1. Just grab the label-to-label distance for residue B:76 and residue B:528, each label 7 Å out from Cα along the Cβ direction, in nm (one decimal).
2. Over chain B, average the accessible area per residue using a 1.4 Å probe and give it in Å², no decimals.
3. Taking a label point 7 Å from Cα toward Cβ, how far is residue A:608 from its twins in the other copies, in nm, shortest first?
4. Express as a percent, rounded to the nearest 5, the fraction of DSSP beta bridges in the range A:165-298 (both residues included) that run antiparallel.
5. Suppose we keep just the DSSP beta bridges with both residues in the protein assembly as shown; what percent of those would be antiparallel, to 5?
6. Tell me, what is the percent relative contact order of the range A:492-619, built from C-alpha pairs under 8 Å that lie six or more residues apart?
7. If Lys and Arg each add +1 and Asp and Glu each add -1, what is the summed charge of the other residues whose beta carbon sits under 13 Å from the beta carbon of residue A:455?
8. Output the DSSP H helices from chain A with an along-axis C-alpha extent of no less than 24 Å and a mean Kyte-Doolittle hydropathy no less than -0.5.
Number of protein chains: 2
Amino acid sequence: MNGAVFKTVSEPARAGLGRFDSYTPPPNCSRPTLIHSDHYRIIEFPNERSNEWSASVLARFEREARTGCMINFQTSPDQYKHWKLSFAGAVARLSMDVAEDETLNEGYKLKLNSYDLGVDIELADAIQRIRFEHPEVRAVVITSLKPRIFCAGANIYMLGTSSHAFKVNFCKFTNETRCAIEDDSHHSGRRYLAALNGTASGGGYELAIACDEIYLVDDGNSAVSLPEVPLLGVLPGTGGLTRLVDKRKVRRDRADVFSTLAEGLKGKRAKEWGLIDDTFATTKFQDGVDERVAQIVNLRGGEGDTQVNNLRYSGIKLNPLEVNSSDDSRDYKYVSLQFHRDKRYADLTVRAPESDLPATGDEIQKLGDDYWALRAYRELDDALLHLRVNEPEIGLVCVRTEGKVANVLAVDKTLAANRDHWLVRETLLQMARTLRRMDLTAKSFFSIIEPGSCFAGNLFELVLASDRSYMLNNPDETVEVALSELNVGTFPMSNGLTRLQSRFLAEPKNAYEAFAHEGPFDTEAADAAGLVTFAPDDLDWDDEIRLAIEERTSLSPDALTGMEASLRFAGPETMDTKIYGRLTAWQNWIFQRPNAVGPNGALTNYGKPTQAQFDYKRT
Amino acid sequence: MNGAVFKTVSEPARAGLGRFDSYTPPPNCSRPTLIHSDHYRIIEFPNERSNEWSASVLARFEREARTGCMINFQTSPDQYKHWKLSFAGAVARLSMDVAEDETLNEGYKLKLNSYDLGVDIELADAIQRIRFEHPEVRAVVITSLKPRIFCAGANIYMLGTSSHAFKVNFCKFTNETRCAIEDDSHHSGRRYLAALNGTASGGGYELAIACDEIYLVDDGNSAVSLPEVPLLGVLPGTGGLTRLVDKRKVRRDRADVFSTLAEGLKGKRAKEWGLIDDTFATTKFQDGVDERVAQIVNLRGGEGDTQVNNLRYSGIKLNPLEVNSSDDSRDYKYVSLQFHRDKRYADLTVRAPESDLPATGDEIQKLGDDYWALRAYRELDDALLHLRVNEPEIGLVCVRTEGKVANVLAVDKTLAANRDHWLVRETLLQMARTLRRMDLTAKSFFSIIEPGSCFAGNLFELVLASDRSYMLNNPDETVEVALSELNVGTFPMSNGLTRLQSRFLAEPKNAYEAFAHEGPFDTEAADAAGLVTFAPDDLDWDDEIRLAIEERTSLSPDALTGMEASLRFAGPETMDTKIYGRLTAWQNWIFQRPNAVGPNGALTNYGKPTQAQFDYKRT
C-alpha cells in the first residue's frame, strides 16, 4: 500500500474486505478530488482522468486499490457475522441478526436488520450449505432474532453512497440469492418459510416473497411493505414487483397501492390481498409457524419426493476454495483467470477432470467437494463473481478449456447415470446455476476452441453460453467439441430453454441432429452443424482472435451490456428473466436518474434534513 | 407569442409544428441560459429553476412554449413530405423519399432517408389509411425512391441533440408504428414486403424486419446493418435486437456478430444468416419483387382469408379529427382533456355513443369514420399521444366517462355481431391498439367511476387498463359498471392476455364469474367481484380522490414509470412486451449513460472531428 496515495482508515475486514476512506492525490495532479468511501468506487476514476493523471500513475493506483479492497464471496457459518444457522432434524432455521457495525464499507450502520452485500454473501452461502451439507432438511425457516423487526431491506445509506455499477451488481447478486432459494424449493423440494416476527420492508419483504410461504406476526404494528417508490424514488430492486404480480399474482391495482404505500399493510389486509399466507397473534406466532413446519416435515412424498431419498444420506462438507492470486492471475484447482488489463480482457480457463474419477453416487459422496464437477463449478462460480465486482474494467472474457474430451464425457456419463443420487442432483443444479450466472454476467464471452481444449458435454455449455465462439480449423491437429446427454435438458437457462434449444430456435431439428451425431465434432463438422460461430484456419487464426478481442473491447461497454441482455435470451420469458431483464433494466435506468441520485434526488436525500426535489416530467 | 421571451426563427411548420431557437431570459433572471433548439426541450426547464425564476413567470413561458410548439400527430397523404403512397389494385406501394430540410426541428438535415418523428408520423398515418381506406390491399411494398439507399435509420444528429425524454418517446412511437405493421399482417392478413433497393441501416433495417419479407438488391454495395452499438454506443432502439433473435430467430452468436459490425452484411451472407429472405441482382430486383408480390396477390385464401371478404368493399375516408384547444383543455367530439397543470394531473373524459347508432356492418360503413367506435378511439389515441409528448409535466390522468351504459353496450353488441365485416374488424383492431397505447403510456391512470359515467364493455377496458379505480358507493345514486363480450378476447394486451385475465391471474374463475354476472354491477357488486380497487362512500369520496391525486403526483415520476412498467404486464411475455419492457428499458438506461450522451459520448460525438471516449467499466 502506498501511503502517499491511499490513507487506510481501517484494517481489512476478516473476510478479505478492505476499505479506504480517502486518498491523497498524486503530486502531479492539480485538482484534489475526494473519492467516495465506498471501497468499490475507489477504483472508479473519473472519465476525464486522462486529462489529469498519467496512465502509469493511474495503473499503480488501480492495482493497489484492487488488491487491497477486493470483495471475497467465500465465507462459512463460523465466520458469519449476521446470520445464525441451526438445524433440528429436518428443519433448518436461518435467523437474521445483523451486526450493525460489521459493514462491508464505511459510512453506514446496518440498523434494523438492514443489509449490505456482506450480509447477502452469508445468506447465499447458508443456502448452499443447507443443500450440500444438510440434505436431510425439508423445511427452512427464515426469521429474525431482532425484536419487532424482520428485516428493513437493503441499507439506504449504503445505496446512497454507492457507485452506479456497485448498486447494479449488488442487486444482481441479491436477485441470484433469492432465485437460488426458489431453485432449491422447485428442484430439491425444500420448503422455505418466512416467519416474519416483525416488520419486513423493502428488501426484507422481497426476501420473504422469495420463500414459499409467508407468516406475519399480528402485533398491531408489524407490516409488510415496499416503500422504495414512495420513500426513495427507486424500485424494489430484488424482484419484488415481479414476484408480487407474477408469483403471488396479486391484483395489479392492489399491487400498485401496496407499492406506493410507505407504511405497507398489516396482517389482516395483507392476507386478504395475498401478500402473506397467514397471520398469527404475537403469543401464537411461534406455535403457528412450528405447526406449519411440522406439517411439512411430516409429509411423506411419493416417488416424486426427492427428499425421501436424501434422508438416507448425510451431507458433505463444503470446504473453502483454494485460490492463488497474483496481480495478473487468480488460480483455483480447475479454474484459472489471467488478466490482460491493458487490453481489457481476461482468459478464463477450465481444466478437465482426471481420468480415474468414481462412477457411482456413493463413491462421489466419499470424494465430497473434491469431486471435479462440484469443485470446478464452485470455482467457476467464484471466478465469475470475482470478474463482476472486482474487475470492472475487464469487458471481455475469453473462455478456454484444457484437457481430455473423453474425461469430461466420462464425468457426464456418471452424472447422468446417477442423477437420482441426492449429491449428483445437487451438483447438477449447482452447475446449472453457475451457467446461468454466466448468462447474466455483464461481460462479453468468446469461446476459443484450440488443440488441447475439451469443450465437451457440460463444458460445451460454456460455448453455448458465449456470445461467440472461434474454433481453429487445422487439418494437422485434433480440435474437437462434443455433446453429451447433459446438453439436452440438465442446464436450463433462466428462460427455461436449454442453450441448444435457444441456439436453434429457427431450426429445432438442427439441435436434434447435433445431438444424434456420433462421437466428437471436428472443426468442419462443428461448423456445418452450426455449433460454432467462426472456424478460421491456421493462417488466419492469431490475427482473427487478436482483432476480435481488440474490436470487442473498443466498443461502448454500456451498449454491449444492453445488447447482450437482449440477444442472450431469445424465446420465452419467465419470472426470472423478467426480474433480470425488464425489472432490472428499469431499476438501472432509475438508479441513474437525477430524481434518485442527483443532489436533490430521493436516494441522496434519504434521512437528511433536506428533502428530495423532483423534476416531475414523466419519461 | 411574447417576443421578449422567445425569438421565433422560423414559421410554424404546416402540420402545426413550430420551433424556437433561443430565448431571451426574463429581466429578473440573472443567468442567461441557452435552451436547446429542439422544440421539445424548450419546455424542459432545469430542475433548479425555482431558484431563478418565479413560478408565475415560468408558468407563462411554459404556456407560450406549449401552444407554440406542440407536436401534431395528425396528417394525411396530401400533406406528406417524406413518403409517397400509391395503390395499384391489391398492391400498395409506400415509398420513402425523405425531404432532408423538412425536419421537425432545427439543427439537422434528414440525409440519406434518415428519419425524425415527423417522418414516422407520416408512416403511421399511411399504415392506418391502407387499413381503413384500402381494404382491397393484400400486399404492401415498402421501398425507397432514393438511389442506392433504402433508409439510414433515425437521424443521429436529431438524437444527439434531443432530450432524454424526447428520445424515449420517439423510440416508443416508432416501435408502436412497427408493431402496427405486424398487427396488420397478423390480424388483417396483409403481407408487408421490404424491397431494399439500397442499404438499410439501423432503423432502416428495423423497419424492414418489421415486415413479413425482406428483399435486398445485390449490387455489390448495398447491405443491411445495425451499426448502433459499434458506431453510436446505443442499441438499435426500435425492436431490432429482439426481432433479430425472436422473430427471424437468427442464431444468437450470428446476431452478436451482425449487431457489432458497422458495415453490416450484403446479399449472400445476409440471406445465409436469415437476415433477409432473398437477394436479386440490380437488373432483376424490380422483377424479383414484383413476382413475389404477384404470388401474394394471386393467392386466394380459404375461409380464413379475411382479405377475400374485403374485396367486396371499398374503404372509408379517415377525415381529420376536429379538435378545439384552449390553454387548459383539448376537446374532440367524444373525448376531452382538461389539464390541471399546477397539480400535475389531467382529466381524460370519454363520452358514450348516442342511442340511435346503426346495427349492421353496411350501415356502419355508410357512417364511415363518424361511427362512434372508430371516432372515439381515434380521438382517444390522439389524446394519449398528445399527453405523452406535449404534456410531460402531467403525471396522472384521471379517466372519466359520461353517458349511458346501455348505449355503450349496444355498440358492443353491434361490433360483436358484425366482427366479420372488414370495417368492424379494423375498428376493433384500432380500439385494441389504442388500449395498448394506453398500457404503454408513462403516466399513471386512475379511473374515477361516478354517477353519470358509463364504464361498460369496451369502455370498461379503461378501468382495467388503469393503475387503480375508484367507484363511488352511494346507495342514493346509480353508479354502474358493466362487462360485454368484447371484454373476453377482443382487446388483448401486448402480453397476449385480455385485461380481465391479467387482473385475475390468481383466480381465473373470478373472471368467468364476473363475465357471467347478469346486467350491470352496482358499486358493492363491482367491489365484491374484484372489478374496482376502492369503493369509498359519499362522505369520504371527495377527500379520498383529492388525496389520491395529491399523493400520486408527489411521487418520483421515474420510479412510477418503472413500477408501472413492471406491474402492468404480469403473466406471459411476448415479442412486443420484450421490445417495450426489456429492450426499451435497457435503451433508456444507455440513453442516459455518459458513454452515449456525455460530452465524450458516442452519440454526442458522432460526425464530429472529436472521437468518443469511453469509461470502459462494465456495468
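The values are calculated or read from the model by the stated rules, or taken from the named source; none is laboratory data. On a predicted model such as this, the values are computed, not experimentally measured, just so you know. No Cβ is skipped: glycine too gets one built from the backbone with ideal geometry, and neighbour counts run over all protein chains shown. Note: areas computed on protein heavy atoms with side chains; ligands, DNA, RNA excluded. Shrake-Rupley method; radii C 1.70, N 1.55, O 1.52, S 1.80 Å.
1. Calculated label separation equals 5.2 nm.
2. Details: 21940 Å² over 619 residues.
It amounts to 35 Å² per residue over chain B.
3. Inter-copy label distances (nm, one decimal, shortest first): 3.0.
4. Details: 2 of 12 bridges.
Beta bridges within the range A:165-298, antiparallel portion: roughly 15 percent.
5. Numbers: 45 of 133 bridges.
Antiparallel: roughly 35 percent of the beta bridges in the protein assembly as shown.
6. So the answer I get is 21 percent.
7. Details: positive: A:351, A:400, A:404, A:499; negative: A:402, A:412, A:450, A:461, A:480, A:522.
Combined, the nearby Lys, Arg, Asp and Glu give -2.
8. Details: long enough: A:164-188 (35 Å, -0.81); A:282-298 (25 Å, -0.56); A:372-390 (26 Å, -0.23); A:422-439 (26 Å, -0.32); A:538-554 (25 Å, -1.03).
Membrane-span-like by this rule: A:372-390, A:422-439.
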